[in-house]
Amino acid sequence: MSGASAARLRHQFVLDAEIVERLEALTAKPGVSKSSIVREALKEWMNREAVPVLDSRFAPRLNQISRQLERIERNGKIALEVQALFVRYMLASIPPVPENDAVARAQGRERFEAFTLKVAEAFSRGGGSFDSDTGL
């Protein structure tokens, strides 16, 4: 087959009288054919029918992703709350170091550097403080 005949095939359908009457009324307008109306109606029906197929195919995966995102969000909130409580505790319980105490400030810098290295190590091995012994 070639040209337009390859793109379109002739079919015969049996339709109820009510549908035939409505189809005749729609084709009374100039430039509208029964074939174009049936073709558009079938396209719309098939598009609506495809939605449940897509839902059934992708809904379980989307639900799984949604649950994972909810866990990530919950864990992030927990981490922020733990951090806030820790900072509040540290600020309330440890007196500030005097400006002119160079030894204490140097010790603070060393401790902070050791702390950041521990964080970097935990992330590089893919674990965290709760997964293994932190050495503290």
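The values are calculated or read from the model by the stated rules, or taken from the named source; none is laboratory data. The model shown is predicted, which means the values in this text are computed figures rather than measured ones. Here Cβ is always computed from backbone atoms with ideal geometry, including for glycine, and neighbour counts include all displayed protein chains. Areas reflect the complete protein model, heavy atoms only, side chains present, ligands, DNA and RNA absent. Shrake-Rupley method; radii C 1.70, N 1.55, O 1.52, S 1.80 Å.
Things worth noting here:
- Per-residue ellipticity at 222 nm from helix content only, as computed over the chain with -39500 (n - 2.57) for each DSSP H run of at least four residues, stands at -25000 deg cm²/dmol.
- Projecting the Cα positions of 35, 117, 106 onto the charge dipole of the chain (unit charges on Cβ atoms of Lys, Arg, Asp and Glu, taken about the Cα centre) puts 35 furthest along the positive direction.
- Net charge of Cβ neighbours under 12 Å - reference residue 15; Lys, Arg +1; Asp, Glu -1: -2
- FRET E, pair residue 86, residue 53, Förster distance 41 Å, beta-carbon r, rounded to 0.05: 0.20
- Set of lysines near residue 43 by C-alpha distance (under 19 Å), chain-local residues within fewer than 8 positions excluded: 34
- Residue-normalised accessible area of the chain, given per residue in Å² at a 1.4 Å probe: 93 Å²
- Each distinct pair of alpha carbons in the chain adds a 1/r term; the inverse of their mean, the Kirkwood radius, is 23.5 Å.
- DSSP H segments from the chain that extend 30 Å or more along their own axis, Cα-based, with Kyte-Doolittle mean of -1.0 or above: 34-93, 102-124
- For the chain, with all protein chains in place and a probe radius of 1.4 Å, 61% of the accessible heavy-atom surface sits on carbon or sulfur.
- Added length on full extension, which subtracts the Cα-Cα distance from 0.36 nm per residue, residue 115 to residue 9: 30.8 nm
- Shape category assigned to segment 73-117 from the gyration tensor of Cα positions, a/c cut at 1.5: oblate
- Estimated at 0.36 nm per residue, the fully extended path between residue 100 and residue 17 surpasses their Cα-Cα distance by 19.9 nm.
- If only the Cβ of Lys and Arg carry +1 and only the Cβ of Asp and Glu carry -1, the dipole of segment 1-117 around its Cα centre is close to 320 debye.
- Segment 11-89: C-alpha gyration tensor shape, a/c 1.5 cut-off, then a/b vs b/c: prolate
- Net charge of the neighbourhood of residue 38, taken over other residues with C-beta under 14 Å away and scored Lys/Arg +1, Asp/Glu -1, is +2.
- Local electrostatic count at residue 66 - Lys and Arg +1, Asp and Glu -1, tallied over other residues with Cβ under 15 Å: +1
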